[in-house]
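Report on the following structure.
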Amino acid sequence: MASEVHAAEGATGYIIHHLTPLHFGEGFWTLHLDTLFFSAVLGGLFVWFFKTAAEKATSEVPGLVQNFAELLIEFVDNQVKDSFHGHSKLIAPLALTIFCWVFLWNFMDLFPVDIFPLIGSLMGIEYLRVVPSTDLNATFAMSISVFCLIIFYSIKIKGPWGFAKELMFQPFGPWLLPFNLLLKLVEEIAKPISLALRLFGNLYAGELIFILIALLPWYIQPVLSFPWAIFHILIITLQAFIFMVLTIVYLSMAHEDH
Amino acid sequence: MSINATLIGQMITFALLVWFTMKYIWPPLFDSLEERRKKIADGLAAAEKGQEQIILAEKKAKGVIKEAKEQSSEIVTLAQKRANEIVEESKDTAKKEGERLILAAKAQIEQEIQQAKEGLRQQVAELALSAAEQILGAEIDKAKHQDIISKVSNQLG
């Protein structure tokens, strides 16, 4: 990406400005402060909300907060029960965290594109990109974590040798070992990449379209941004849901012994 | 736009969030859900049990009522029977009493008839005697003809 072309003016400059993160440091050790900040704040929001509900949790008539939290818990639990048949203390909370966190990331997309950068510029912050899921680092961080869990559980459940056997001898038997290995490696590596890129691609494109709409004359903007925002409500939920369900499916595959 | 150290930061945040959810959020909420589910199930079961008990109690009550009805009708029948008996008895007594009274009356009548007869006989004898006296005049001696008079008097009786 052309993140270095800060100086460009006009439409291109506007777009690039909006898609450039607030960064700090050089080379690999660059930190996208906005991504880190907003995802941490949203994560805190998620944890705070559910912690409030959990503290007040009772088996009597639930309050409004508890009701909503339980709605999500049951929803996630049903998804987990549908595709995962083993027993794991991690998967359901993991799925809940992924669903809520990704949803909150994506939700930032629904704020008007200029609000946060405007506030930022008033505070002297030049670049601000508020949707963490439009940062590959955020989506990859999550998908790589999931990938590590897949590998961890594969080895834990099937044993190192069992996992190695699965990589080498499936699906075509021992005679096509190199081919099997290649196929399996691609299959495994495709998991985190597809997870991360799907989320990133959808949200990046969505954000870009909001930015493009924001470039139009003000009297056209509502006509376009309103339906797009409504459509986006579906997209952000769907992407969060897909990320969660695929995580559950991948982990249940890791738990299944062939 | 490139992969950089942000990735590591995000992974750490993610790990912390997952750990926190796993430790402090999921278990209490899920347990309260389960507990409520159990409570509701128990409540439903109890309600069903109660319903069954009501049906049982109703059956029992019906049985008791039926028994009571039978008993009462039995009692009524007995009482009627007894009443009939009493009526019959009193009828009998009354009849006997009447007969007795009639008999007594008859006896008294008989007695009175006898007394009247006796009286009449006396009077007839006296009349006959006085008539004979008047007819015969002083000729008949009361002492001489005493046994004739008593014979006549006896024949009249």
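The values are calculated or read from the model by the stated rules, or taken from the named source; none is laboratory data. These numbers come from a predicted model, not from an experiment. Cβ sites come from the backbone with ideal geometry, for glycine too, and all protein chains shown count toward neighbours.
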Any pair with Cβ under 7 angstrom, 6 or more apart, that starts in the stretch B:36-55 at a residue that is closer than 20 Å to A:Gly63 by Cβ and ends at one that is surrounded by 10 or more Cβ atoms within 10 Å (Cβ to Cβ)
B:Arg36/A:Ser59; B:Lys39/A:Ser59
Which condition breaks for A:Lys184 when tested against (1) closer than 23 Å to A:Ala92 by Cα; (2) in contact (Cβ under 8 Å) with a residue 12 or more places away in the chain?
(1)
Outside any helix (DSSP H, G or I), farther than 22 Å from A:Leu90 by Cα, out of contact with any strand residue (DSSP E or B) (no Cβ under 7 Å at 6 or more places or on another chain) and hydrophobic (A, V, I, L, M, F, W, C): is that true of B:Ile55 in this structure?
no
Return a yes/no flag: does the stretch A:131-145 have any residue that is free of Cβ contacts under 8 Å to residues at least 24 places away in the same chain and either part of a helix (DSSP H, G or I) or surrounded by fewer than 14 Cβ atoms within 10 Å (Cβ to Cβ) (or both).
yes
Qualifying position, being within 30 Å of A:Phe210 (Cα to Cα), at pLDDT below 90 and away from chain B (no Cβ under 14 Å), among A:Pro112, A:Pro171:
A:Pro112
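Scanning for something farther than 30 Å from A:Trp101 by Cβ and either surrounded by 10 or more Cβ atoms within 10 Å (Cβ to Cβ) or within 14 Å of another protein chain (Cβ to nearest Cβ) (or both), does the stretch B:21-38 turn up at least one residue?
Yes, the conditions are met somewhere in the stretch B:21-38.
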If you check A:Glu207 against the conditions, is it of a type in the set (Asp, Glu), more than 21 Å from A:His18 (Cα to Cα) and assigned to a helix (DSSP H, G or I)?
no
Evaluation of A:Phe50 against (1) closer than 26 Å to A:Phe231 by Cα; (2) in contact with a Cys (Cβ under 9 Å, 6 or more places away or on another chain) (one fails), failing number
(1)
Considering only the stretch A:66-84, I want to know if a residue exists there that is touching a Pro at 6+ places or on another chain (Cβ under 7 Å) and within 11 Å of another protein chain (Cβ to nearest Cβ).
yes
Cβ pairs under 7 Å, 6+ apart or interchain, first in the stretch A:29-47 and more than 7 Å from chain B (Cβ to nearest Cβ) and in contact (Cβ under 8 Å) with a residue 40 or more places away in the chain, second among the β-branched types (Val, Ile, Thr) and surrounded by 19 or more Cβ atoms within 10 Å (Cβ to Cβ), ordered by first then second residue, are A:Asp34/A:Val130; A:Phe38/A:Val130
Do we have A:Ser154 as hydroxyl-bearing (Ser, Thr, Tyr), assigned to a helix (DSSP H, G or I) and surrounded by fewer than 18 Cβ atoms within 10 Å (Cβ to Cβ) here?
no
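One line per residue, one yes/no per condition, for (1) more than 8 Å from every other protein chain (Cβ to nearest Cβ); (2) in contact with a helix residue (DSSP H, G or I) (Cβ under 8 Å, 6 or more places away or on another chain); (3) among the polar types (S, T, N, Q):
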site: B:Ala5; (1), (2), (3): no, yes, no
site: B:Thr13; (1), (2), (3): no, yes, yes
site: B:Glu58; (1), (2), (3): yes, no, no
site: B:Val64; (1), (2), (3): yes, no, no
site: B:Lys91; (1), (2), (3): yes, no, no
site: B:Ala104; (1), (2), (3): yes, no, no
Residue check for A:Phe24: within 7 Å of another protein chain (Cβ to nearest Cβ), more than 23 Å from A:Leu212 (Cα to Cα) and among the aromatic types (Phe, Trp, Tyr):
no
Taking the conditions exactly as written (more than 9 Å from chain A (Cβ to nearest Cβ), within 30 Å of A:Ala69 (Cα to Cα), out of contact with any Pro (no Cβ under 9 Å at 6 or more places or on another chain) and surrounded by 10 or more Cβ atoms within 10 Å (Cβ to Cβ)), does B:Leu44 satisfy them or not?
yes
Hey, B:Leu17 hits all of (1) under 30 Å from A:Leu22 (Cβ atoms); (2) away from every other protein chain (no Cβ under 14 Å) but one; which does it fall short on?
(2)
